Amino acid sequence: MRSALPDGDEAGQKVTHRFLPHTADIKVAFETDTLEALFVEATEVMRGLLAGTSPVELREERLLELECPDIAELFLAYLKELVYQFAAHGFLVARVEIDRVDQTTLRARAFGEALDPERHEHQPEVKAVTRHHLVVEQRDRLWFAEVVFDV
């Protein structure tokens with residue numbers, strides 16, 4: 001499966017993700033031109049895992065600030081934060097605007113809404129984002145990541 005940033009984002013930006021075969025979990029590989037695009041694409045994948053193809057409205061904004069020792073831990077912490085927002089608050093993140101991201105810090109604004117069982121598709125529960133086979137690295141000029149979601 002391939003996905004691109006929707007129209008209106010920076011033109012010509014390379015962004016893809018694909019689901020990879022994995023035993024009982026969901027493994028996703030990402031390839032993007034920029035570190036920012038990696039987090040944007042991961043947000044879209046997480047939205048799909050939590051709400052399927054249901055539209056998620058931009059009714060609320062939440063500030064996300066993370067600091068970690070390296071980029072892999074930062075990416076993992078970000079995905080875990082999205083799972084936490086959903087599990088603890090029923091909040092579905094539909095879009096993220098990155099204010100600042102580098103190898104160790106992220107400051108972003110997440111937009112979305114509370115889960116509405118009448119409008120959002122029921123999906124298998126995402127129990128966790130795992131360190132198992134976690135990869136986040138820059139290869140040549142592209143950012144590459146692989147992550148496993150425990151469902």
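The values are calculated or read from the model by the stated rules, or taken from the named source; none is laboratory data. Here the structure is a predicted model, which means the values were calculated and not measured. A quick note on method: Cβ atoms are made from the backbone with ideal geometry, for glycine too, and the neighbour counts reach across all protein chains shown.
Before moving on, here are some points about what is shown:
Condition check ((1) surrounded by fewer than 16 Cβ atoms within 10 Å (Cβ to Cβ); (2) at positive phi; (3) without any contact (Cβ under 8 Å) to a residue 40 or more places away in the chain; (4) not small (Gly, Ala, Ser)) across all residues:
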{"residue": "Leu76", "(1), (2), (3), (4)": "no, no, no, yes"}
{"residue": "Glu81", "(1), (2), (3), (4)": "no, no, yes, yes"}
{"residue": "Ala87", "(1), (2), (3), (4)": "yes, no, yes, no"}
{"residue": "Gly90", "(1), (2), (3), (4)": "yes, yes, yes, no"}
{"residue": "Arg100", "(1), (2), (3), (4)": "yes, no, yes, yes"}
{"residue": "Arg107", "(1), (2), (3), (4)": "yes, no, no, yes"}
{"residue": "Glu113", "(1), (2), (3), (4)": "no, no, no, yes"}
{"residue": "Arg119", "(1), (2), (3), (4)": "yes, no, no, yes"}
{"residue": "Glu125", "(1), (2), (3), (4)": "yes, no, yes, yes"}
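- The stretch 129-151 - residue that is surrounded by 16 or more Cβ atoms within 10 Å (Cβ to Cβ), hydrophobic (A, V, I, L, M, F, W, C) and out of contact with any helix residue (DSSP H, G or I) (no Cβ under 7 Å at 6 or more places or on another chain) and, of those, modelled with the lowest pLDDT: Val148
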